[in-house]
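See structure below.
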């Protein structure tokens, strides 16, 4: 026969197990929804495009140029593509939105290939960093990355900075659409 203490312990473990299980289901459902939105946005060939040059969204112009592209569905921003060319390669970030909320960011840095003589071959690149950030209610709920990233802020500031950039870019692109 179980004592009162053991019953309470078992009940507590049971309740914790259910909570952990439900949180796992919520995360899985949220991730599935984000991935579905990502594929729908990228497969929609009827999105309206708005393009802004680097001088309109950056404080300093990179030597390789820059471009910000907004993709709109029925005047609602669903994706932002940022491309920045710097002396060592090309940095891209794609921001995805659902109901005006940031849900996903894809980031990549393609570095120029170094030739045998030590020069940069700007016609060839290799991916030196790639990351996927999944968001829910403004927070990163999952981060998948590989490679060396020297451009993003520390992890503690990353969600905040990505949200701020997404908001800033969205404001610029929506104004340009009007």
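Table: residues versus (1) farther than 21 Å from residue 172 by Cα; (2) in contact with a strand residue (DSSP E or B) (Cβ under 9 Å, 6 or more places away or on another chain).
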position: 36; (1), (2): yes, no
position: 42; (1), (2): yes, yes
position: 45; (1), (2): yes, no
position: 52; (1), (2): no, yes
position: 68; (1), (2): no, yes
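Taking the criterion of being free of Cβ contacts under 8 Å to residues at least 24 places away in the same chain, within 30 Å of residue 88 (Cβ to Cβ) and in a loop (DSSP other than H, G, I, E, B), the residues of the range 22-60 that qualify are 59, 60. Restricted to the range 158-178, and to residues there that are more than 17 Å from residue 103 (Cα to Cα) and at pLDDT below 90, the residue that is surrounded by the fewest Cβ atoms within 10 Å (Cβ to Cβ) is 178.
The values are calculated or read from the model by the stated rules, or taken from the named source; none is laboratory data. What you see is a predicted model; the values in this text were computed from it and never measured. Quick reminder, even Gly has a Cβ in these numbers, built from the backbone with ideal geometry, and neighbours come from all protein chains shown.
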